[in-house]
Structures are given as structure tokens and as C-alpha cells.
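Here is the structure we will look at.
Values quoted throughout were computed directly from the atomic coordinates according to the rules given, and no laboratory measurement underlies them. Note that the structure is a prediction, hence the values are computed from the model and not measured. No Cβ is skipped: glycine too gets one built from the backbone with ideal geometry, and neighbour counts run over all protein chains shown.
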Amino acid sequence: MHPGIIFFLVILGSVLFHIFTPWYWTDIASNWGGMDDTITLTFWIGGGVFVAVCLFMVYCVLKFSYKKDRKAEYKPEDKKLEKILTWATTLGVVALLAPGLVIWNQYVSVPKNAVEVDVMAWQWGWQYRLAGEDGKLGTTQVVNINDDNPFGINLDDPFGQDDIMIQSDVINLENNKPVKILLRSVDVLHNWYVPQFRSKMDAVPGIVTYYWFEPNKIGEYEVLCAEYCGVGHYAMRGGVEVQSKEDYDKWISEQETFSDLIAKQEKLELENKKIVKNNNFLLNKDIYKEE
Amino acid sequence: MSDEYENKTGYQAQSSESITSSSIGSGVATDIDYVRPAENAEQDLYHGHSFITKWIFCQDAKVIGVQYFLLATFTGVIGLVLSWLMRLQLGFPGAAGFMTAEHYYQFVTMHGMIMVVYFLTALFLGGFGNYLIPLMVGARDMVFPYLNMVSFWSFFVAVAVLLASFFVPGGPTGSGWTLYPPQAILEGTPGSGMGIILMCVSLILFVAGFTMGGLNYLITILQARTRGMTLMRMPLTVWGIFTATVLAMLAFPALLVGSLMMMLDKLLATSFFMPTILKAGEILEYGGGSPILFQHLFWFFGHPEVYIVALPAFGIVSDLISVHSRKNIFGYRMMVWAIVGIGALSFFVWAHHMYVSGMNPWFGFFFATTTLIIAVPTAMKVYNWILTLWRGNIRLNVVMLWCLGFIVTFVNGGITGIFLGNVSVDVPLSDTYFVVAHFHMVMGIAPLMVIMGAVYHWFPLVAGRFLNETLGKWHFWLTFLGAYSIYFPMHYLGFIGVPRRYFEMYDSPYMTSAVGMNEFISTAAFIVGAAQFILIFNIIKTLKTGKPAGHNPWQANSLEWLTPSVPPEHGNWGEKLPVVHRWPYDFSVPGSREDFITQTTPPSDVKDSKVEKT
């Protein structure tokens, strides 16, 4: 078979694969449809260029393959053609870049009414924190983290006391309500990624990073870690449940706040102390008995 | 006139002014063959006499080039085997019983680092650079032959240290080829002890060795060109290697300091890249450092690195296409400026690898713009390659097939680069298999196509015999079709949202839908890998029994084919250096008898031909 024909079949196969592929993006469940649209646009323009360039190549290969008595054209430069091609390419690039930048502008401008969610990552797991009634998250520090204070909230920060803590790798979100994901990590890089939401950002130890989206489809989604974080990376999963307002309000009312947790811990400690005292008492009694 | 200058010891270099003024009298206007005399005396060459000085600690750039080529290929084969093991795990989980997640990540890391740095960079610059630069610019050797020899042996030690990390406790580092801290030096990542230290040491040795070689390439090209070889008469191969070397000299220091700082963090507990970290319930002794700083350093090296590999490939493929289309490269000056422009721009795009890294998001606007600007000169190069084919007289031999394969894979990978460079499009696709498919297509397969084309093209020069064409065609079609069927469908894994660097997919429904595709990709990868052994067999076979090539077997114009003996001997040019009268692309000039006019042909020999550009 003539090599040109095989190359042609490769191009044809690529186009057919793209049209008939069963593997394509997951159904979108957030406001970032614009990203999908830009990808589609890039597919049309970029794919068009790819097909055009390759078909032109195939044509040349078929038409101008070696003949002993033919001489190739001698034309070192064609300024006009080069100019046309440069400007056409520039135009195409601008057409792709412009929508990309517009959407990026939306991506980095978080709406005022977005609900802040503190996503805390470690090797290898997630947990979440929401602002309490005061609507503000308390400040945190890695050095504060211990069993009594799993999020490392600064104890002297009044905003922190009513924070709602979700010590689970699944978080519930309200449908059609923008969310600002605040990412932090206590050890290495991580990335909180839900393919259906299209958006992602690294969690970087030492700083708080953010991104936002608005879930718009009720359902359960899987969270994947998208930044390599060591040997457990592939298994670092979490979940998101997008709920209607009523379900969400019900869920959130059942969650524990930081002050609840402190109270519970104190109670527990008190009980522990009692038990210890009791034990000691019993132990002592036993000892006395033996003596 | 062209023969007036004879090399004599004690020759005093004249200033260019005195040369011009004295030569006016000898009739510049009348003699069409006039070439300016040399400005520098010829260097003395070191002649090795024993086996060791001739073949091992050798100072001849051609032998050093072959040494680089062989060692880079050796590490490349290791990288290939590692990729087989990875694909075995991804396509058929559990099929390799010994494969744990630790192993998998170590293989991913070593595969990436080996292929990018120790295979592609070393092969293009150390291998082709050493062999071709002196021959193509008409020099007898590199200007610093001893340094050149030390350069190769530094590379050798760097490879040895890298491979030694397979045998230390904990094994090689498994931190991904990007070596991102903090995980690279913390427990939880395989090889976070000796492994990462040896990796850093090896990279430092590589950079040191490369700097010695790089100085040689630059100064040889700038200072040791033969008479008449102006910069704008150099083959594009030399332009590509030259610009890539400039990039490397500016980019590698960032990697060097990054590696040094990481080693200090690891060994002396400094905190360049290490913030306060809570690990296993304990606060570590670090504090105040920035992990993103390392990413900036790494990608300030890492992005130019892409072009360090790509620019020599661009240059070489231009020459191959031109020779085998029997046609001048279309728009030579545009091609040169595109190479230089891409090289310059490549230093202003690094953070497009970091759109979702947590750096200030406003950087995205700047880096998306610069990244997409690079698409323009790159596209011009592609147009010029296909316009070179247009109305050519195309020999469809193995060399040309590799070039065509390069065009298809490079355009494909370039287009997907526009997806990833365009900041908001990158958000859903970054850290997924789309990225893996993209960079393998554009900087793995495409440059590999050029390497293979170059091997088939220059093997007759290096060995004096042709490689077997039938075996070559098998090699090409298996590699091209196989590699394309690995990486083309892989983009769609990225659309689904499958993240990179996953040892296993678990039971996520949209990921398991791709099990069949993964099996297919893995099978293709085994075939493509195995197909490379056809080349090794071909080389071994034809070294003894191949068809003798003789002088200038491809009817090319550039100087490397015009040496008095094939393969060229030590000193390259025998008694006298060649004198250059034209650019290397005078193919099919109207009025000339043959369809090529070599660079050394004086105008008086081809009076009837209507040469436009010299």
C-alpha cells in the first residue's frame, strides 16, 4: 500500500474515533459549561488545522513522490504566503485564547455569596469545615492540630468556636449555591478534584488556595486526589453529595460544631478522670486486700 | 582563490579589517568564487594512540558523539522496560505479581527522568550535537576536545549514580519526575531517603557535564566555522542544536539549584521548600518554606527543557525533509527566526505547568497569552515543512517515512498543547491522562520519530553502510501506528477524568469504563517497545553485511557528507578545510545539471544555474 494512503487512513481513523468514541467527558454537574464549550471550540479549530495539515501532507506525498525525470520546484521563499499564514494563525490563536481568558477571569473571581468550605487534606484523607452561624471560618494553624482540635483552629479566635466540623471524607453541598473551596494541606501537595465539576486546584502546605464552582445537579460524586501525594495517592478518595436546600439544611443541623466538640471532649475527659480515679480506688482496694 | 589559505603553524590571525582592505586589490568584484580568508589559525588536534585514548577517554567529537548515543540509548532501553512494567500494571492489574504501589511510582519516576534528561537531551545534544556540529560547520573537532571528553564521562558517572539508586535501601525515588517537595523527601513516598539524594546528585553531575559539552557546542559554532560558512548558511540542524544549547545553559542552572536546595532540605533540615508539616501526629522540624518555589525553579528548567529536546528535532527534520524531497527548505530565514523566537519565548511560559498549583491565579492570564503566542512560530515551522514537500520530488524511503510520522504526531501533540496552554481549558484536563497523552505525543514520540529518521539518514555516514530498508519499514510502521494507537485514545481517558499517576483505578464507574481501552493501550505499548529491537538487530546486521554507502549517498549538500573519507576520520577534512560558497539547500536549482549543488561547489562550476539564495 502507498504510505500516503496509510497516513490518510490514520487521519480518517482519528476523526471517526472522535465522533464515535464511547469515552468522553462525564456529564457536567457545575456551572463550568464554559470550559466544555472552549474545549469544543478548540476541537473544531485545532482539529480542523490538524486534519488540513495532515491531508495536505498526504496529498503532497501522493502527488509528488519521486520520479527520476522530474525536478522539484526551486522557490526558497514566498513572503506573501508566509505573511498570510502568520496572520491567519495569529487570528486562530486569538480566537481560542479570548474565550479561555474570559472563563479564567470568572474562575478566579469568586462570587460574594459563595459558601466557604475549608477542605483539609493529609496523607491520605480529607475532612471539611463549614462556617457556623457567624458565617465566618475561624483561623487555623497546623501546630494546633491534635486529637481535641482536629482542624487546628486557633482557640482564641471567636469565629472558630461555632465552626461546623465534618470529620468524614464526604461533604454535602447545597444545589445551585456557589461554593468557595478553601484548600489546605498539613503535609504534602494534594488536589481536591471532582471530574463532574470540571474544576480543581492544588492544596499546598503552608498556604490556603481556593477555587469556586456552583453544583447544579443533585447526586453523589466521587472526589479524587489529582496531585501526586505519595504512595497512597491513587486511593485518596472522598465524596460529595449535592442536595436540595431542605435536605442540606437538615443535614447541616445535625453536624457538630467546634464548641460541641470541645464540650464533648471535656465531658469525656471528666469521665475518663472519674474512671481513672475509680480504677485507682479499686486497684488500691485490691492491693489492700492482698496485704 | 579558494585555495589560497594554507594552514601553517605560526599563522597569525589577522583582524578582519586588514583582510578586507587587503583583499580589495585582489579583485572582489571580478572573482565570483571569492570567500573571505580565515580569521583564526587552525587548532592543534590531540591524536590518541592507544586503545584507551582512541576509544575510551577519547577526545574526538565523533567518537564522543557515538559514546553519548550508545549510553543514552542504553538508559533509554531501561526507560522502555520500565514503561512496559507500568503498562502491564495499568492494563492488566496484578499481572506482575511483585508490583506494589511503591514499585509503580518508582518506575513512573525513573521512566520520566530517564527519557527526558538522560535519553532525549543526551541523545540530541550529546549524540547528534557532537557528531554533527564540527562536520556541519566545517571544523576539525570541537574547540575544547579535552573538556568534551570530560563532559561525556560526567554523563557516564551521572547515569551510574542514577542507576545505583535502584540498589540502595528504599530503592530509587518515587516522587514523580517533577520531584515535587515536600513529598519527595518525606516518608510516604518511596525512595525518600537515599533514592532522592542520589537523584539530586545524578542531576547535578549531569548538569555539570552538560555545561562542559554545551560550552563546546556554542563556541565551536560561533568560532570554528570554516571559511564562507556564515551563520545564515548553516544547516537548520546546527541552528536547532545551537539554540537548544543556549536554552540549556540558561535553564539547567535552575534545576541545579533546585536539586541542591532540596538536598539541603533533606540532609541539613533547611526549609527552602518545606513549610510547617504535620506528619503521623508530629510536627516536623521544618517551617516557613515554599513548595511552590521548587515548582517555579523546576519548570523554569522544565519548560525550556521541552524545547531543548524539540529544537534539535525541528532542525534535523527540516534537513531530512529537504534532502529527501530534493527541494530547498521553504522559508529558511523564517525557520531560523522561528527557532530563535521559540527559544526566547520558551523562558516566559513555564508557569503554564502550574495553572492549578496554587500560585497566584492572576499569573494565568500572562502565561496563557505567552504560551499561545509560541503557537505562531511553531505553526509556521509546520507550514514550512509541508510546503517543502509541496512540488518536491519526494523519496518515500524510510527516512522520509519517519519525517512524515513526525509531522503527524507533532501536529497532533501541538494542537493538544493549545488545549492545555489555554488556562481555563487546562483546569479540567490538567493532572489527567490528557496531559500524559499530550506530552508523550509532542515530546516523546515526535522527537523519537526524528531520532529514528536521523539514525537511518546518518548511519551511512557513521558506519559507511546503509541500514536495511525492509527492516526499517517494519520498524517504522510498527512504531508509528503502535505509538499513535497508544497516545491518541489516551487523550479520551483524560476527558473522562482519569487522573495521572494512579496505581490502580479502583471501582469508580467512569474510570472502569476504560478498562478495555487500557488493555488495548498496554498491548500496543508492548508491541511498540518490542519493535525497537528491530533497529538494534538492523544495526548489528548491517554493520557487517550492509550495502556500502560510498560518498554522499543521499546526494545531500551539507558539509558532513563531503569529507574525503567515509566514515570521516579524525580531523575530518584531511589536508585542507572545506570552503563554503552557498547555503545547504540548493536542490533542484533550475539550469543545473544535477538536482543538488553542494555547499563547497564554487559559483563558477555551476554558472548556468539560477541560484536565488546563497
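Evaluated against (1) within 14 Å of chain A (Cβ to nearest Cβ); (2) part of a helix (DSSP H, G or I), B:TYR506 falls short on exactly one condition, (2).
Residues checked against (1) part of a helix (DSSP H, G or I); (2) more than 14 Å from chain A (Cβ to nearest Cβ); (3) farther than 28 Å from B:PRO564 by Cα:
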{"site": "B:MET86", "(1), (2), (3)": "yes, no, yes"}
{"site": "B:TYR104", "(1), (2), (3)": "yes, no, yes"}
{"site": "B:MET115", "(1), (2), (3)": "yes, yes, yes"}
{"site": "B:PHE124", "(1), (2), (3)": "yes, yes, no"}
{"site": "B:TYR146", "(1), (2), (3)": "yes, yes, no"}
{"site": "B:PHE152", "(1), (2), (3)": "yes, yes, no"}
{"site": "B:VAL161", "(1), (2), (3)": "yes, yes, yes"}
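When you scan segment B:459-493, how many residues do you find that are in a helix (DSSP H, G or I) and buried (at least 21 other Cβ atoms within 10 Å of the Cβ)? Looking only at that region, the number is 17.
Residues in segment A:1-33 that are over 19 Å from B:TYR484 (Cβ atoms) and at the interface with another protein chain (Cβ under 9 Å from one of its Cβ atoms) were compared, and the one that is surrounded by the most Cβ atoms within 10 Å (Cβ to Cβ) is A:TRP32. Is it the case, given these coordinates, that B:TRP362 is surrounded by fewer than 24 Cβ atoms within 10 Å (Cβ to Cβ), hydrophobic (A, V, I, L, M, F, W, C) and more than 30 Å from B:ASP586 (Cβ to Cβ)? Answer is yes for this residue.
Step by step: first the residues of segment A:214-235, then only those that are touching a residue at least 40 places away in the same chain (Cβ under 8 Å) and crowded, with 23+ Cβ neighbours inside 10 Å, then the one that is nearest to the other protein chains (Cβ to nearest Cβ). Which residue is that? Looking at residues that are touching a residue at least 40 places away in the same chain (Cβ under 8 Å) and crowded, with 23+ Cβ neighbours inside 10 Å, I get A:GLY230.
Could you list, in sequence order, all residues of segment A:113-140 that are of a type in the set (D, E, K, R) and free of Cβ contacts under 8 Å to residues at least 24 places away in the same chain? If the condition is that a residue be of a type in the set (D, E, K, R) and free of Cβ contacts under 8 Å to residues at least 24 places away in the same chain, then A:LYS136 is the only one that fits. Here B:PHE210 passes the criteria (1) buried (at least 17 other Cβ atoms within 10 Å of the Cβ); (2) farther than 21 Å from B:ILE342 by Cβ except the one numbered (2). Taken over segment B:478-493, the criterion of being touching a residue at least 60 places away in the same chain (Cβ under 8 Å), within 9 Å of another protein chain (Cβ to nearest Cβ) and not aliphatic (A, V, I, L, M) is satisfied by B:PHE480, B:TYR484, B:PHE488. Yes or no: A:LYS200 among the charged types (D, E, K, R), in a loop (DSSP other than H, G, I, E, B) and within 14 Å of another protein chain (Cβ to nearest Cβ)? When the stated conditions are applied, A:LYS200 passes them.
Residues in segment B:575-588 that are in contact with an Asp or Glu (Cβ under 8 Å, 6 or more places away or on another chain) and within 11 Å of chain A (Cβ to nearest Cβ): B:PHE587, B:SER588.
Residue under question is A:ASP187, and the condition is that it be farther than 20 Å from B:PRO509 by Cβ, touching a residue at least 12 places away in the same chain (Cβ under 8 Å), away from every other protein chain (no Cβ under 11 Å) and crowded, with 22+ Cβ neighbours inside 10 Å; does it hold?
Judged against the criteria, A:ASP187 is not a match.
Each row is one residue, and each column tells you yes or no for (1) under 24 Å from A:ASP249 (Cα atoms); (2) not in a loop (DSSP other than H, G, I, E, B).
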position	(1), (2)
A:VAL119	yes, yes
A:TRP126	yes, yes
A:ARG129	yes, yes
A:GLY132	yes, no
A:GLY135	yes, no
A:GLY138	yes, no
A:VAL143	no, yes
A:ASP156	no, no
A:PHE159	yes, yes
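Scanning segment A:34-76 for residues that are part of a helix (DSSP H, G or I), facing chain B (nearest Cβ under 8 Å) and over 15 Å from B:PHE495 (Cβ atoms) returns A:GLY34, A:VAL49, A:PHE50, A:VAL53, A:CYS54, A:PHE56, A:MET57, A:CYS60, A:VAL61.
Give segment B:494-503 a look and list any residue that's facing chain A (nearest Cβ under 7 Å) and among the aliphatic types (A, V, I, L, M), or say none.
B:ILE496
Of everything in segment B:351-400, what is more than 30 Å from A:ARG70 (Cβ to Cβ), facing chain A (nearest Cβ under 8 Å), out of contact with any Lys or Arg (no Cβ under 6 Å at 6 or more places or on another chain) and not in a helix (DSSP H, G or I)? Give them in sequence order. Matches in segment B:351-400: B:SER357, B:GLY358, B:PRO361, B:TRP362. Among residues of segment B:401-458 being away from chain A (no Cβ under 11 Å), under 22 Å from A:LEU41 (Cβ atoms) and hydrophobic (A, V, I, L, M, F, W, C), the one that is surrounded by the most Cβ atoms within 10 Å (Cβ to Cβ) is B:MET441.
Checking each residue in segment A:81-115 for being over 32 Å from the mean Cα position of the chain (by Cα), more than 22 Å from A:ILE39 (Cβ to Cβ) and either at the interface with chain B (Cβ under 8 Å from one of its Cβ atoms) or basic (Lys, Arg) (or both) picks out A:LEU81, A:GLU82, A:LYS83, A:LEU85, A:THR86. In segment B:272-284, the residues that are among the aromatic types (Phe, Trp, Tyr) reach residues that are in a loop (DSSP other than H, G, I, E, B) with C-beta atoms within less than 6 angstrom, at least six apart or across chains, in these pairs: B:PHE272/B:GLY289; B:PHE273/B:PRO181; B:PHE273/B:GLY289.
A single entry from B:GLU612, B:GLU569, B:GLU594 fulfils the requirement of being in a loop (DSSP other than H, G, I, E, B), away from every other protein chain (no Cβ under 14 Å) and either on the phi < 0 side of the Ramachandran plot or exposed (fewer than 13 other Cβ atoms within 10 Å of the Cβ) (or both): B:GLU569. A single entry from A:VAL15, A:VAL53 fulfils the requirement of being within 30 Å of B:ARG391 (Cα to Cα) and touching a residue at least 24 places away in the same chain (Cβ under 8 Å): A:VAL15.
Within segment B:494-519, how many residues turn out to be closer than 17 Å to B:VAL442 by Cβ and either among the hydroxyl-bearing types (Ser, Thr, Tyr) or surrounded by 24 or more Cβ atoms within 10 Å (Cβ to Cβ) (or both)? Qualifying residue count for the region: 1.
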